[in-house]
Amino acid sequence: MKTIKLLLVVLGITAFSCDNNDDAQTDPVTPTDGFTHNNVFTPTANAYFEIDEDDDSPNDGFPDEYNFFFLDGRMADGDDPGAPATANEYVFSLNTSNFVFFNLNVQDNPSLANSAPVAGGTYVGDLYNVTTNATPDTVIVEGYTGSMIPFSTPYIINGVEYGNPSGDDYSNAQGANNAIPTLTVNAINIDSVNPSQSTIDVDYVYVNLLGETFTGHYEGTLGVFQD
């Protein structure tokens, strides 16, 4: 990754939201961008990287957390000035049904206090705790049980309409004594000049409350935005 502090300064100034995802993987011909669960492969052709602009704990010039998303639809920042007042923190294209969310925070990943995620690093996703964190921000939604509800005035970005999820889906939530969810960054390039050309190569492992394992991979372009 390019010089981290300079990159974060650039991001803080530009506060951009860019999406250069392809909605299809063409190299290799057989898709590998997605996750496998119970021997079934589910494609997630799009990826996003969110940099949390807060610097609360510790106050060290670096964000407190970073978020990776992999999904079969599109997503956008619901806090954008142009988003509807009723938008959630994240909004999704109406065709979204499979979704991977890895929240990487400093508490679980001390190295993030000094550096954004870097190539060669393996990071721990937000962890389940029965008393303090029963619904962690690291989760996989497979075959969403709800629907994406469009806004009364259609919210459209580059020809794609977005809406709010009708509700949460905890079918594959983490549970007690599960293996720790991990995400390994094989390569990452956040292009501060042309953010839409940013790329990433990652592998991840996740276990749901039933003890079932999900293994996933994504390699390609990604959208980048700042919370």
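Working from label points 7 Å from Cα in the Cα-to-Cβ sense, the S152 to L210 distance is 4.0 nm. Once both labels are positioned 7 Å from their Cα atoms along Cα-to-Cβ, the gap between T145 and I180 label points is 3.0 nm.
Shape of the range 124-227 from the C-alpha gyration tensor: oblate (a/c of 1.5 or more and a/b not above b/c, with a ≥ b ≥ c the square roots of its eigenvalues). Note on T199 and T36: the model spin-label points, each 7 Å out from Cα along the C-beta direction, lie 2.4 nm apart. Taking each residue as 0.36 nm, the span from V160 to N114 lengthens on full extension beyond its C-alpha to C-alpha distance by 12.9 nm.
Using Cα centres only, tell me the gap between the range 151-227 and the range 92-136 in whole Å. Computed from Cα coordinates, the inter-centre distance equals 10 Å.
No lab work stands behind these numbers, since they all come straight from the coordinates. Quantities reported herein were computed from a predicted structural model and do not represent experimental measurements. Glycine also receives a Cβ, built like all others from the backbone with ideal geometry; neighbour counts cover every protein chain displayed.
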